[in-house]
Amino acid sequence: MHVVLGVLGIVVTILVLLNRLQEGGIDIGWLNPFSWYRRRKYRKHHDLNPAFKLDSPMDVAALYMVAVAKVDGEMSKEQKEKILSLFNSEFHLTMKEATDLLRSSTHLLGHTSDVYDKPHKVIERCLDKVTKEQVASICYLVDEVANVEGEPTAQQRKLVTEIKNACPQEAAGKW
């Protein structure tokens, strides 16, 4: 019985000391394993690169097209016009919507170079939404953008190959 009372006394003493530390301004909440797990899960979900959070196959295809155009540096006028015309014809967007999509894709790509290193992570979130036709369309679109200025460069060929490998081979339409 005296052992149980001793253990209870130690537990109460520790709790009182922790309470006094907290009142004194020392935060000990990081010791809680349950809140640590929640914070870690939240951080993994929300601190991702915005390019890796795309959940629409159209946005993914647009980002891939802009990435192929900008892999060697800045996008040329011919590449920009070709991308806008492909957005207009393939995605059935108005010119304003196509311009907005190009602008947002360029903005996403401008803040990171991770898209060039890990193109498979861009399409990862929408793998279940991509159809066979969309995969074929993505491959066609990146080829078209790569061939705008004649023969694609070595970096463009490498990126196009990585993008095609990132696309699912057996997908489950139209855009």
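Listed values, structure above:
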| quantity | calculated |
| --- | --- |
| Solvent accessible area, Å² - Trp36, 1.4 Å probe, full protein context | 130 Å² |
| 1.4 Å probe accessible area per residue over segment 58-175, in Å² | 53 Å² |
| Ranked order, Tyr140, Tyr116, Tyr64 - accessible area, probe 1.4 Å, largest first | Tyr140, Tyr116, Tyr64 |
| Debye log10 I(q)/I(0) at q = 0.18 Å⁻¹ for segment 102-172, Cα point scatterers | -0.78 |
| Alpha-carbon centroid distance for the pair segment 130-150 / segment 1-58, whole angstrom | 48 Å |
| Of Lys96/Lys132; Lys77/Lys129; Lys53/Lys77; Lys129/Lys164; Lys44/Lys118, those spanning more than 26 Å from alpha-carbon to alpha-carbon | Lys96/Lys132; Lys77/Lys129; Lys53/Lys77 |
| Solvent exposure, largest accessible area first (probe 1.4 Å, DNA, RNA and ligands not counted), of Met65, Met1, Met75 | Met1, Met75, Met65 |
| Radius of gyration, Dmax [segment 17-175; alpha carbons; angstrom] | 20.6, 73 |
| Accessible surface of segment 30-175, 1.4 Å probe, proportion on carbon and sulfur as whole % | 53 percent |
| Cα-projected label distance for Glu74 with Glu149, points at 7 Å along beta-carbon direction, nm | 1.2 nm |
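The values are calculated or read from the model by the stated rules, or taken from the named source; none is laboratory data. Predicted, not measured: the structure shown is a model, and the values here were computed from it. Cβ atoms come from the backbone with ideal geometry, glycine included; neighbour counts cover every protein chain shown. The accessibility values were calculated without ligands, DNA or RNA, using every heavy atom of the protein model including side chains. Shrake-Rupley method; radii C 1.70, N 1.55, O 1.52, S 1.80 Å.
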